[in-house]
Amino acid sequence: MKKIILMAAMIIGFAVAATAQPRSIGARIGNGAEISYQHTLGGANFLEIDGGLGLPFDGTLSVGATGIYNFMIAQPAWTDRGEWGFYAGPGAGVGLGVGDANFFNLSVAGMVGLEYTFWFPLQLSLDFRQSVGVGFNGHGGWYPSSVGLGVRYRF
């Protein structure tokens, strides 16, 4: 009985801790359009997960997802209201192309960016993401770098 009570208390504790962390959801526009989700993990560091459609090239439509763990490098106090943040981090991605050139790829990614969170629940970000990886059907190597604009609702 003690084990059951302890397990229930741990589950409730983890659920409360997970919901207490700031999160944001929105869109990132770069080399295509992506749905973007951020979840703060300990301090100001955060996990960003993006997934969406890439720009078609060679008659091929690409779909992909990227997960990046970003370290908050600096949070300068440039304004009285809102919060600025410089961040960078490593991650991984997966992609699939369908069309004239079918492919599947796995990649390692890196991101550097600047974000501004308003005093109301809106966050804007500008970032640079580069990926390099292994592709199947001839689409390996360096993937197009992406300068992205993110617009997210923070809750």
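The figures follow:
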| item | result |
| --- | --- |
| Boolean, THR66 is touching an Asp or Glu at 6+ places or on another chain (Cβ under 7 Å), surrounded by 19 or more Cβ atoms within 10 Å (Cβ to Cβ) and β-branched (Val, Ile, Thr) | yes |
| TYR87, sole failed condition from (1) hydroxyl-bearing (Ser, Thr, Tyr); (2) part of a strand (DSSP E or B); (3) surrounded by fewer than 16 Cβ atoms within 10 Å (Cβ to Cβ) | (3) |
| Meets criteria (in a strand (DSSP E or B), touching a residue at least 24 places away in the same chain (Cβ under 8 Å), farther than 17 Å from GLY67 by Cα and not aromatic (Phe, Trp, Tyr)) for LEU124 | yes |
| Test: GLY95 is modelled with pLDDT of 75 or more, farther than 23 Å from LEU122 by Cα and either in a strand (DSSP E or B) or in contact with a strand residue (DSSP E or B) (Cβ under 9 Å, 6 or more places away or on another chain) (or both) | yes |
| Some residue of the range 81-97 being more than 15 Å from PHE46 (Cα to Cα), of a type outside the set (A, V, I, L, M, F, W, C) and within 12 Å of the chain's Cα centre (by Cα) | yes |
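The values are calculated or read from the model by the stated rules, or taken from the named source; none is laboratory data. Since the model is a prediction, treat every value here as computed from it, not as a measurement. Using ideal geometry, Cβ is built from the backbone for each residue, glycine included, and neighbour counts are taken over all protein chains shown.
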